[in-house]
Each structure stands twice: as structure tokens, then as C-alpha cells.
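Let me begin by presenting the structure, written as C-alpha cells, before commenting on it.
The values are calculated or read from the model by the stated rules, or taken from the named source; none is laboratory data. Since we're looking at a predicted model, the values are computed, not measured. Cβ sites come from the backbone with ideal geometry, for glycine too, and all protein chains shown count toward neighbours.
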Amino acid sequence: MPLTETIPAGQEVVTGTPVASHRGLLDEGGGSLGIWEMSEGCVRDVEADEVFLVLAGRAVLEVGDEPAIDLRPGVLVQLRDGDRTTWTVTHPLRKLYLQIPR
């Protein structure tokens, strides 16, 4: 899956010139399952309810005032609707995500 998309509107690029890509695998009942990737760089975002599993790469994820999370393959993270995040990707990151409807 090539990293060809620019960072979507609503996300703020902090450093670098990251690109991203996503592929939806399933949309059902208001939820969605897919794969998301981002190249090296740093972006800020406001999240939706989501659980994700890191498949490849390395990054540091800051969620509000919580301690930073070291993202690497096998790490499972839950984000809540409205969480303000900062993603600092040091090696292209790939995650499997499940967005949860409320």
C-alpha cells in the first residue's frame, strides 16, 4: 500500500513532510476496520473512538497529558473520541484499526 496521500485536513503537520495512506477493510454497523500508514514526521490530531494494533514501524504517541506511548509492533492502544494526540513517527508506521460507533 503506497504512502501517497497528504495528511488530511484537520490534522496539523508539526515537523517533516509526512504522507499517509489507509485502506478500509470493513464498514459495518457504523464502525470500520482498516489499515493506516504514515511516513516519518510529526502530526497533531483529534481522535475518534478507536482501538489499534501496531503492525510495523516505530513512533511515540502523546495523548493529552498522559505519559507518552512507545509504539512498536504488537502494541495495542485505545483512543477515545476527542483525545488530542501527537504522533511522532520515526520509522514508517502501520496499524490495524477498529473505529467503534457510539
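Among the listed residues Arg84, Arg58, Arg44, identify the single one that is surrounded by fewer than 14 Cβ atoms within 10 Å (Cβ to Cβ), in contact (Cβ under 8 Å) with a residue 24 or more places away in the chain and within 23 Å of Thr6 (Cα to Cα).
On the way: Arg58 fails: surrounded by fewer than 14 Cβ atoms within 10 Å (Cβ to Cβ); Arg44 fails: surrounded by fewer than 14 Cβ atoms within 10 Å (Cβ to Cβ).
After applying the criteria, what remains is Arg84.
For Pro67, the criteria (1) modelled with pLDDT of 95 or more; (2) in contact with a strand residue (DSSP E or B) (Cβ under 6 Å, 6 or more places away or on another chain) hold in every case but one, which is (2). Pairs linking a residue in the range 10-28 that is on the phi > 0 side of the Ramachandran plot to a residue that is outside any strand (DSSP E or B) and surrounded by 13 or more Cβ atoms within 10 Å (Cβ to Cβ), with Cβ atoms under 9 Å and 6 or more positions apart or on different chains, are Gly16/Ser39; Gly16/Glu40.
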